[in-house]
Amino acid sequence: MDAIALATITVLAIFVGFEVVSKVSSTLHTPLMSGTNAIHGIVLVGAIIVAGQASDPWVLALALLAVVLATANLVGGFVVTDRMLEMFKGRRAADASKPTTPKGAAE
């Protein structure tokens, strides 16, 4: 595949990704983040495979850079998802511990 075809696929993937993510409601961002983390795990495996088969030093350097960036993106995505899930747990625990008073009861 030539460079123009690869650039065309990359640009189309950017547009499709932007359109898909912009249509997701804010309540579904956490499942979307988890799915994105899984996809980045696949990218990390691909980068490791390319780094293992590289014979040119430039290809090896780019593959190692891809491994580093994919790892940072993967770990960061899981950290953000975990933080978002902890925020939901905090709200439920705070609501459950709050005492409820029946309507019309004197305090």
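Quick rundown of the values:
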quantity: Thr36 accessible area, 1.4 Å probe, all protein chains in place, Å² to nearest 10; calculated: 50 Å²
quantity: Surface accessible to a 1.4 Å probe, per residue, for the residues of the stretch 39-82, Å²; calculated: 68 Å²
quantity: R0 of 22 Å, Cβ-Cβ distance Ser55-Leu6: FRET efficiency to nearest 0.05; calculated: 0.65
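The values are calculated or read from the model by the stated rules, or taken from the named source; none is laboratory data. Not measured: the values here are computed from a predicted model. Virtual Cβ from ideal backbone geometry, glycine too; neighbours counted across all protein chains shown. Ligands, DNA and RNA are stripped out before the accessible areas are found, and what is left, the full protein with its side chains, is counted by its heavy atoms. Shrake-Rupley method; radii C 1.70, N 1.55, O 1.52, S 1.80 Å.
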